[in-house]
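These notes concern the structure reproduced below.
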Amino acid sequence: MTVARVDRPRRAPAAAVRASDTGARCLRRRRRLTALAFVAPLLVYLAAFYLYPLYRNLDLSLRDYTVRSFVAGDAPFSGWDNFRTVLGDPTFGPAMRHTMVFTFVSIAFQYAIGLALAVFFNRHFRLSTVLRALFLIPWLLPLIVSASTWSWMFNSESGVVNYLLHFLGVAPVGWLTSPTWALASVIIANIWIGIPFNLVILHSGLQNIPGELYEAAALDGAGAWQQFRRITFPLLRPVSAITLLLGLVYTLKVFDLIWIMTKGGPGDASSTLATWSYQLGFGTLLPRFGPGAAVGDILILIALAFGLLYIRVQRRQES
Amino acid sequence: MKSRTGKRRHTVIGLLLTALMLFPVYWMVNVSLTPQRDMRKSPPDLLPLHPTFEGYRAVLDDQLPYLGTSLLIGLGTVALTLLLAAPAGFALAKLRPRGTGALGLALLIAQMIPGIVMAMGFYGIFLDLGLLNSWWGLIVADSTIAVPFGVMIFTAFMSGIPGELVSAARIDGAGAWRTFRSVVLPLSRNAIVTVSLFGFLWAWSDFVFANTLDGGGGWKPITLGIYKYIGNNNQEWNAIMATAVVASVPAAVLLVLAQRYVAAGVTAGAVKD
């Protein structure tokens, strides 16, 4: 962006020599029209395929839809009724709580493990680049692949997780089938998927910490832990903030993984706002689009709150 | 001397950690090769000592159309994304029309909207227009995942192209379109590769839009192929895992061929350099 600003004064004198004042204005207008022509397809696209679906979703949440009126498009306006229904639903409390637990526990582990790995891989040993690349695999796999693999690994009778626990003398756990463990299971799978993202971003943040700082600290007799606490962690704080907030926004809206592994069940044991919204709208033979869309709206509000916080932090770091 | 053994120890620990991390991937491959009669064996075979390809035969028999559809949808999404994002990135980076800042903010926010919300909105629209269960409707929906990201990558990359090159083309009499096509676009190869990679991977992996908008048609992507497998015959896990292995191939290929672009894409937008 600085480049664009640098070349502007250079162009301006050339234009002034060639044209009079009105000519320059004409030229500027033409340039503005050219720029508009380049972004116009994007603007049309955003209006048609972002704003309009969002508007439709909002519209859904404010009307009393049935399957018939959904097709006919003549559902009566019902104001906040759908939101009242949703807030009064016995699933709302658990879904909200599970969303928060899922998000924050996932983020905490992803970040801690990602940071530890980033520090480890920053030591440039043989194969470190190759191994770091291999760590990306879980993040690149289609979610349905990871979700179905974990489903089978968590199988209560034939799953490899219970087999490994058996070695440690732990009795078999009904990972996906018991209400106690369903949420924990999807969290574990989600942590696994999110580690690479944290590793890559934090690792690139570590690259920007000058090596001399560590050398000086080592001369002063600081050990590895001291160096981490006094140098790495404080200097990594801006990158950490960005990583955590971005992870938060992404984790809030996780749907595929939970839906494929447990469908939010058993009962509501692992349902989050995302899966509940989908369950209401598409999960049954009798769809309740209105309440489903209302839950979606609530989810957007939460995501935007963290999203705006992210944008603020990022802007402040840039200036 | 001491530091060399230290380094070697690091390599050993690194190998162990990687093995631990990739165990689920290994397990997916192992199960895909396990004969059906050994599937419920306790303890399970940790190595594929009696490998069978019956799972992969099932993939060939059942899943080829799904794979073809996914390929088509992935490529279509990439084309649509590049077509929209590259010119817009050029405008935002070099022409800077009024409202550039606001548009950048809108793109950032667009990336935070949950997929299920978009899916529900699209469902209503597609129902009205009769676009449900069409492959190109799914391309449009999938592109919404990649377009904001693409514009941001192109803007960031093209901002780094020296302004002198652009003004030199201008002085030689090239219009904005010629400048974009003949100067800026050829220089933006890295951005094109990064955006294409992620656009393809996201479209290939998409489940939410596919399951919502394309559940009943003849053109279903591979994610639905796997999902249907899990739902229907949830006993034949070697077939399910074999499909999962095949569905992972694009991710693996991209990682091998274009690792630095992948890392660039992950960090883009998150870290200022």
- Query: How big is the charge dipole of the range B:55-267 about its Cα centre, in debye rounded to the nearest 20, if each Lys and Arg gets +1 on its Cβ and each Asp and Glu gets -1 on its Cβ?
  - Reply: 740
- Once amide hydrogens are built 1.01 Å from N within the peptide plane, the residues lying 5 or more places from A:R63 or on another chain with amide H under 5 Å from its amide H are A:S78
- Note down the relative contact order for chain B as a percent, whole number, built from C-alpha pairs under 8 angstrom at least six residues apart. 32
- Kyte-Doolittle mean at least 0.0 and Cα extent at least 18 Å along the axis: which DSSP H helices of chain A qualify? A:21-46, A:92-121, A:182-207, A:237-252, A:289-318
- Note on the structure: GNM of chain B, Cα pairs under 10 angstrom: of B:D214, B:D172, B:D38, the biggest fluctuation goes to B:D172
- Query: Extension gain A:K263-A:A40, at 0.36 nm per residue separation less the Cα-Cα distance, in nm?
  - Reply: 76.2 nm
- Running Debye on the range B:1-84 with equal point scatterers at the Cα sites and no solvent, what base-10 log of I(q)/I(0) appears at q = 0.11, 0.17, 0.25, 0.26 Å⁻¹? -0.62, -0.86, -1.12, -1.14
- Query: Rounded to the nearest 0.05, what FRET efficiency do B:R8 and B:W136 have when you use their Cβ-Cβ distance and R0 = 60 Å?
  - Reply: 0.65
- Item | Convex hull of Cα atoms in chain B, direction-averaged projection (nm²) | 20.9
- chain A - percent relative contact order, Cα under 8 Å, separation 6 or more: 24
- Please report Rg over Rh for the range B:46-156, where both radii come from the alpha carbon positions and Rh follows the Kirkwood definition. 1.16
- A correct Karplus calculation of ³J(HN,Hα) over the range B:176-182, with 6.51 cos²θ - 1.76 cosθ + 1.60, θ = phi - 60°, whole Hz and x for Gly and Pro, returns 4, 5, 4, 4, 5, 5, 9
- Task: Report, in deg cm²/dmol and to the nearest 500, the calculated mean residue ellipticity at 222 nm for chain A, where each DSSP H run with n ≥ 4 adds -39500 (n - 2.57) and the sum is divided by the residue count.
- Result: -23000 deg cm²/dmol
- Note on the structure: Computed over the range B:1-131, the relative contact order (Cα-Cα under 8 Å, seq sep at least six) in percent reads 13
- Of the chymotrypsin sites (Phe, Trp or Tyr not before Pro) in the range A:79-115, those whose Cβ has at most 12 other Cβ within 10 Å and which sit in DSSP loop: A:W80
- Checked the range A:119-167 against the a/c 1.5 cut and the a/b vs b/c comparison, axes a ≥ b ≥ c from its Cα gyration tensor; verdict oblate
- Message: Using the basic label-point model (7 angstrom from Cα toward the beta carbon), what is the B:R57 to B:R98 distance in nanometres?
- Response: 7.0
- Query: On full extension of the chain, what length is gained from B:L187 through B:E236, given 0.36 nm per residue of separation minus the C-alpha to C-alpha distance?
  - Reply: 12.7 nm
- Cut-off 13 Å between beta-carbons: net charge of the residues surrounding B:D142, Lys and Arg +1, Asp and Glu -1: -2
- In terms of the Cα gyration tensor, with a ≥ b ≥ c the square roots of its eigenvalues, is the range A:91-318 rounded because a/c is under 1.5, prolate because a/b exceeds b/c, or oblate? oblate
- Return the tail of the calculated pair distribution for the protein assembly as shown, meaning the percent of Cα-Cα pairs more than 40 Å apart. 32
- Could you work out the helix-only [θ] at 222 nm for chain B, with each DSSP H run of four or more residues adding -39,500 (n - 2.57) and the total divided by the number of residues, to the nearest 500 deg cm²/dmol? -22000 deg cm²/dmol
- What shape does the range A:77-184 have by the C-alpha gyration tensor, where a ≥ b ≥ c are the square roots of the eigenvalues, rounded means a/c under 1.5, and otherwise prolate means a/b greater than b/c and oblate the rest? oblate
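None of the figures in this text is laboratory data; all of them are computed from the coordinates on show. Computed from a predicted structure; not experimentally measured. Every residue, glycine among them, receives a Cβ derived from its backbone with ideal geometry; neighbour counts consider all protein chains shown.
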